[in-house]
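The values are calculated or read from the model by the stated rules, or taken from the named source; none is laboratory data. Only a predicted model underlies this, so the values are computations on that prediction, with no experimental measurement involved. Cβ sites come from the backbone with ideal geometry, for glycine too, and all protein chains shown count toward neighbours. The protein model used for the area step is the full one, side chains on, heavy atoms only, and it has no ligands, DNA or RNA in it. Shrake-Rupley method; radii C 1.70, N 1.55, O 1.52, S 1.80 Å.
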Amino acid sequence: PKVTVVGAGNVGGMLAQRIAKQNLADVVLYDIVQGKPQGIALDLLQAHTISDLDRQIIGTNDYSDTKDSDIIVVTAGLPRKDGMSRNDLLRINASIVKDVVQSTISLSPNAILLIVTNPLDVMTYLAWQVSGLPPQRVIGMAGVLDAARFQTFIAMELKISSADIYTTVLGGHGDLMLPLPRLSTVNGVPITELLSQEAITRLVERTRNGGAEIVQLLQNGSAYFAPSAAVNVMVESIISDRHRVLPAAAYLTGEYGLRDIFMGVPVQLGRQGAEKIVELKLLDEELAALHASAASIQANINLL
Ligand code: NAI
């Protein structure tokens, strides 16, 4: 298989490394900056030589090299700086995503589009519109990352391995995302039975703020180790047709009482893309919170 990663920045470079290292696919790394993707590709190839790996990695500024990709991952665009919200990136990143999707999808009409650029849910909607693809073939990455953040914080709080923790996070990749303690468990036991309300509220807040916490600590940069790991898991489920159910931004057609919007829900991912959306039974207040998150995404879609 062939995966194109557009944007040879922090997330894109690290993702190329992960995909090739796991032997999932050959990788084409595209960037608008001359020399950058070529340099990173050479560095990665040399690293893989040391590690005895032999997947092809090509760096390019020429879209024709991306032809006939199975998956196109879009990481092109600006990341946040301290004090910025993801929505502050809307205008500049919308023009980048539009350009990238138009340039790639005509050369790879059968590809699945995986969007990473922020503001995530809005950029995924835009990519779908511009691409003309069936909505099943356009998916946004955020939920795997947000769920991993919640999982990590629970593990730190309980001082146990994160391996035994499962978390559910729904909604948009923004301040109104919805980590659901009731549906987050340690070996099947809801964390609501294991942690105080105070602790849960604190961990939920920290999860919502998980990206900003890192932006603030780094001062000049944003997260990319965990984001690239999250995209990689989605790429793997699609390429290997594993049908894993992962949280991701998918197109809703009435699920959760929402339609014509991309938002984070549990999605079955395989060769066909977003094969099926899982509809969890939510309490009234959870559903209301999900609808509030959707309304904020919709307000930004209306700005496009
Ligand atoms: P970065 O600045 O390191 O890399 C972005 C790359 O995009 C740069 O190499 C830049 O030259 C390239 N680029 C800009 N315009 C382009 C164009 N028209 N065509 C091709 N390439 C172009 O940024 P980083 O940290 O890799 O983040 C990338 C994006 O991913 C940001 O928008 C960030 O907010 C988002 N992100 C989303 C996450 C999520 O959970 N969905 C998590 C982490 C980052």
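For this structure, a couple of remarks:
- If R0 is 41 Å, the Cβ-Cβ spacing of Ser106 and Asp52 corresponds to a FRET efficiency of close to 0.65.
- Placed amide H near Ala8: partners under 5 Å, 5+ positions off or other chain: Ile32
- FRET E, pair Thr192, Thr253, Förster distance 35 Å, beta-carbon r, rounded to 0.05: 0.65
- For the range 113-118, 3J(HN,Hα) per residue [Karplus equation, 6.51 cos²θ - 1.76 cosθ + 1.60, θ = phi - 60°, Hz, x = Gly/Pro]: 9, 10, 9, 10, 4, 8
- The range 263-299 and the range 20-37 have Cα centres spaced 31 Å apart.
- Contact order normalised by residue count of the chain, Cα under 8 Å, 6+ apart, percent: 17 percent
- Spacing of the modelled spin labels on Leu158 and Leu78, each 7 Å from Cα toward Cβ, amounts to 4.1 nm.
- The dipole here belongs to the range 70-199: it is taken about the Cα centre, uses +1 on the Cβ of Lys and Arg and -1 on the Cβ of Asp and Glu, and is about 300 debye.
- Spatially near lysine pairs across the chain, Cα under 21 Å, sequence gap of 8 or more or different chains: 6
- Relative contact order (%) - the range 17-107, alpha-carbon pairs under 8 angstrom, separation at least six: 26 percent
- Taking the protein heavy atoms of the range 1-129 in the context of the full set of protein chains, the accessible area attributed to carbon and sulfur is 50 percent at 1.4 Å.
- Restricting attention to the chain, close to 50% of DSSP beta bridges with both partner residues there are antiparallel.
- Per-peptide packing, taken as the mean over residues of other Cβ atoms within 10 Å, places 177-187, 109-119 in the sequence 109-119, 177-187 from highest down.
- Normalising the average separation of contacting C-alpha pairs (under 8 angstrom, six or more residues apart) by the number of residues puts the relative contact order of the range 220-304 at 22 percent.
- Looking at the chain, the accessible area is 44 square angstrom per residue; that uses a 1.4 Å probe and ignores ligands, DNA and RNA.
- In summary, the helical segments of the chain meeting the span-like criteria, namely a full DSSP H run, a Cα extent along the axis of 18 angstrom or more and a mean Kyte-Doolittle hydropathy of at least -1.0, are 36-50, 90-105, 143-158, 225-239, 284-301.
- Protein accessible area in the range 181-257, 1.4 Å probe - carbon and sulfur %: 51 percent
- For Ala223, the residues 5 or more places off, or on other chains, whose built amide H falls under 5 Å of its own are Val215.
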